[in-house]
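Peer 1: The structure that follows is given in the form of structure tokens.
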Amino acid sequence: MRLDVLNHGYPRRTKLLFALIRRFSGHPVPDAARIVFYRPDFYGDRAKHFTHEAMRGPSAWSVGDRELMAAYVSKVNRTAFCIAAHTATATQAYQDADRVTAALTDLDTADLTEPLRETLRMLGTLTRERTLTADDMRKVLAAGATPDQIRDALAVCAAFNITDRLADTFAFALLTPEAFQAGATYLLKRGYR
Amino acid sequence: MPDDDRKRAALRALTDRVRNGKGEASAELRALAFDNNGLPPPLDALMAKVAEDASQVTDTDLAAALASGHTEDQIFELVVCAAVGESTRLYDAGLAALAEATAEENPADAS
């Protein structure tokens, strides 16, 4: 990562934990996981709690839907690490790689429910334009998304706009495809806590 | 607590901590980074990129911020503030658009 403290500035116990994870998983600890261990009282503890609430808390959206939103927001932000991580996680959650690829390639033709398609489109507009109109939101409501679903999607969008910015600013290292798959399995089993 | 409130409360706990809690950077600088407004150069250029298009941040941007006399811990905190600040504004803009759209649909339910 671009700051040395994010590479080396961990207490001995944390370094030991990283070494154990590496040994038992066969993969290095991803930078997205390392950064929440850096001075966790400043950022990581509360960031993990918010991200877990958004991604795994009660919602009418499935875990796969929310992982797809995370991948989609990251695609708009062009954050390579998070695109790969959440494409892998959405794919495992849905057990459907084609659907995830299609959604990230062409929203108009992808095999998605209308509420999800229009919600993704709205999250894309908000992330790209950094503003949103009531008209944009009316289209999502007209497609059948409920206000609660929209609020839940906005929380996912906020969580990944934070993570994407840190990933790009600090230059999170890309993983091998196998390591992204292992990370996805972990996120589906344990979430973001 | 309704689910939506739990999510908002969790984000508020994060924003309160990074803005107002103890830090290596002053609370004043952290607030400016959070707001992406009024930081002195070269911090202003770096934090504007973090907020507006972080994919454009380069090694040189980080090096310039460090060369201006700030420690890595201070830069870490200010980047976190800029990222959380912008994302909170996006969340609020989305919620405001939703409130406006639903108020017109159902004026009796405006809140």
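A short reminder: the numbers here are calculations on the coordinates, not readings from a lab. The structure presented is a predicted model; accordingly, all values stated were derived computationally and were not measured. Here the Cβ is made from the backbone with ideal geometry for all residues, glycine too, and neighbour counts use every protein chain on show.
Peer 1: Out of the stretch A:145-172, which residues are among the aliphatic types (A, V, I, L, M), facing chain B (nearest Cβ under 7 Å) and more than 17 Å from B:LEU78 (Cβ to Cβ)?
Peer 2: Across the stretch A:145-172, the qualifying residues are A:ILE150, A:LEU154, A:ALA155, A:ALA158.
Peer 1: What is the residue count in the stretch A:114-141 for residues that are free of Cβ contacts under 8 Å to residues at least 12 places away in the same chain and either more than 19 Å from the chain's Cα centre (by Cα) or surrounded by fewer than 16 Cβ atoms within 10 Å (Cβ to Cβ) (or both)?
Peer 2: Count: 9.
Peer 1: Looking only at the stretch A:100-112, which residues are under 26 Å from A:ALA134 (Cβ atoms) and in contact (Cβ under 8 Å) with a residue 12 or more places away in the chain?
Peer 2: A:ALA103, A:LEU107, A:LEU112
Peer 1: What is the number of the single condition among (1) more than 14 Å from chain B (Cβ to nearest Cβ); (2) out of contact with any Lys or Arg (no Cβ under 9 Å at 6 or more places or on another chain); (3) over 24 Å from B:ALA83 (Cα atoms); (4) touching a residue at least 12 places away in the same chain (Cβ under 8 Å) that A:ALA60 does not meet?
Peer 2: (1)
Condition check ((1) more than 22 Å from A:GLN149 (Cβ to Cβ); (2) of a type outside the set (S, T, N, Q); (3) surrounded by fewer than 23 Cβ atoms within 10 Å (Cβ to Cβ); (4) within 14 Å of chain B (Cβ to nearest Cβ)) across all residues:
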{"position": "A:PRO11", "(1), (2), (3), (4)": "yes, yes, yes, no"}
{"position": "A:LEU17", "(1), (2), (3), (4)": "yes, yes, yes, no"}
{"position": "A:ALA47", "(1), (2), (3), (4)": "yes, yes, no, yes"}
{"position": "A:PHE50", "(1), (2), (3), (4)": "no, yes, no, yes"}
{"position": "A:ARG56", "(1), (2), (3), (4)": "no, yes, yes, yes"}
{"position": "A:ALA93", "(1), (2), (3), (4)": "no, yes, yes, no"}
{"position": "A:VAL100", "(1), (2), (3), (4)": "no, yes, no, no"}
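Peer 1: Scan (1) crowded, with 21+ Cβ neighbours inside 10 Å; (2) free of Cβ contacts under 8 Å to residues at least 40 places away in the same chain for the single condition A:ILE21 breaks and write down its number.
Peer 2: (1)
Peer 1: What's the number of the condition A:LYS189 fails, among (1) under 24 Å from A:ALA47 (Cα atoms); (2) within 14 Å of chain B (Cβ to nearest Cβ); (3) surrounded by fewer than 18 Cβ atoms within 10 Å (Cβ to Cβ)?
Peer 2: (2)
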